[in-house]
Amino acid sequence: MTSVLVGMGAGAFIAATISVAVLRRPPASLMRTNVNGRAVPAVLGLPLVAAGAAVAGGAALVVPGATALATVVVLVMLGAAGHFDDRRGRETVRGFRGHLRAARRGELTGGTVKLVAGGIAGLMAGALVAEFPQAVLGALLVAGTANLFNLLDTAPGRAGKLGVAALVGLVTLGDPAWATAASGALGGTLAVLPLDLRERGMLGDAGANALGAVVGLGLAASLSPAAQAVSLALVAALNLISERWSFARAID
C-alpha cells in the first residue's frame, strides 16, 4: 500500500503542475461549450495521462510482470486517440453504427480512430496480462470501458467522479501490481477533478477514454475469468443502450 500512496502523490503532483501550464493558454481548438453554456478548455486529459503514464512507467521498472507496461500502453494510446478527436472538434456522427457507416464511406472520424485504438491497445494490454482466451476478454473490457467513460463525460466531474470511485475500489481490492501501476492515474484524477467540477477545464475525450481504459485494465487484471465475463456483459449492454438512449438525459 505504501507504493500506491507514493504513486498517488507523484501522480497528483505531476497532474497539478501540468494543469497550471495547460490552463494558462489553452488552444482555441480545444475550447468547448459545456452543458451550462460556459466555454471550457478540454485540456485536463493531458495532465491525467502524463501523470498516469509517468508513474506506471516507473512502476514497470520495479513491479514484477507486465501489468505496469500494459497500463502505460492503454493510457498513452487511448489518450492520444482521444486527443486526436478533441482537436477535431464536435462531430455530427454519433454511435458505433454512425462511425462504422462513415468508415465504409471512406470518412475518417475521431470516433473511428478511438475504436481502432481501443481495440489495438486492448489486445496489446490483454496479451501482456493474460493468456488466450482471457486476453481477449481483457481487450474487450479495456475498449468497452474506455468508450463507456467517454459517453459519461457530458457534465462537469461526471467521468472523473466515476473514475475515482472505480479506481479506489480496484486499487484497494484488486491486483497489487496493477494497483501500483494505476496509482498515478488515480492521483492525477484526484488532482484535476476539482478543476473539472469548478468548470475551469474538462477531461475531454483524451482524459475520459484513458481513464476508462485504466479501469477496464484493472477489471481484467483483478477479476476471475467468470467475473470478467459478467463485467464485460454489463459494459457491452451499457454501450449498446447508449446507441438508443442518452445517459445524460437519464441521469438528469
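The values are calculated or read from the model by the stated rules, or taken from the named source; none is laboratory data. Keep in mind the model is a prediction, meaning the values are calculated, not measured. A quick note on method: Cβ atoms are made from the backbone with ideal geometry, for glycine too, and the neighbour counts reach across all protein chains shown. Accessible surface areas use protein heavy atoms only, side chains included; no ligands, DNA or RNA. Shrake-Rupley method; radii C 1.70, N 1.55, O 1.52, S 1.80 Å.
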> Which of (1) modelled with pLDDT of 90 or more; (2) of a type in the set (A, V, I, L, M); (3) open to solvent by 20 Å² or more (accessible area, probe 1.4 Å) does ALA146 not meet, given it meets every other one?
Replying inline: (3)
>> Please count how many residues of the range 27-66 are under 19 Å from THR189 (Cβ atoms) and either assigned to a loop (DSSP other than H, G, I, E, B) or of a type in the set (Ser, Thr, Tyr) (or both).
In response: 4
> Looking at (1) more than 20 Å from MET202 (Cβ to Cβ); (2) open to solvent by 10 Å² or more (accessible area, probe 1.4 Å), which is the only condition THR71 fails?
Replying inline: (2)
> What residue, of LEU186, LEU167, LEU211, is in contact with a Phe, Trp or Tyr (Cβ under 7 Å, 6 or more places away or on another chain), buried (at least 24 other Cβ atoms within 10 Å of the Cβ) and modelled with pLDDT of 95 or more?
Replying inline: LEU211
>> Which count do you get for residues in the range 1-11 that are buried (at least 20 other Cβ atoms within 10 Å of the Cβ) and either more than 12 Å from ALA179 (Cα to Cα) or within 17 Å of the chain's Cα centre (by Cα) (or both)?
In response: 2
> Got a number for residues in the range 70-111 being under 16 Å from the mean Cα position of the chain (by Cα) and either at pLDDT below 60 or more than 22 Å from THR33 (Cβ to Cβ) (or both)?
Replying inline: 12
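Residues checked against (1) in contact with an Asp or Glu (Cβ under 6 Å, 6 or more places away or on another chain); (2) among the aliphatic types (A, V, I, L, M):
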| site | (1), (2) |
| --- | --- |
| GLY184 | no, no |
| ALA208 | yes, yes |
| ALA226 | no, yes |
| VAL230 | no, yes |
| LEU238 | no, yes |
| TRP245 | no, no |
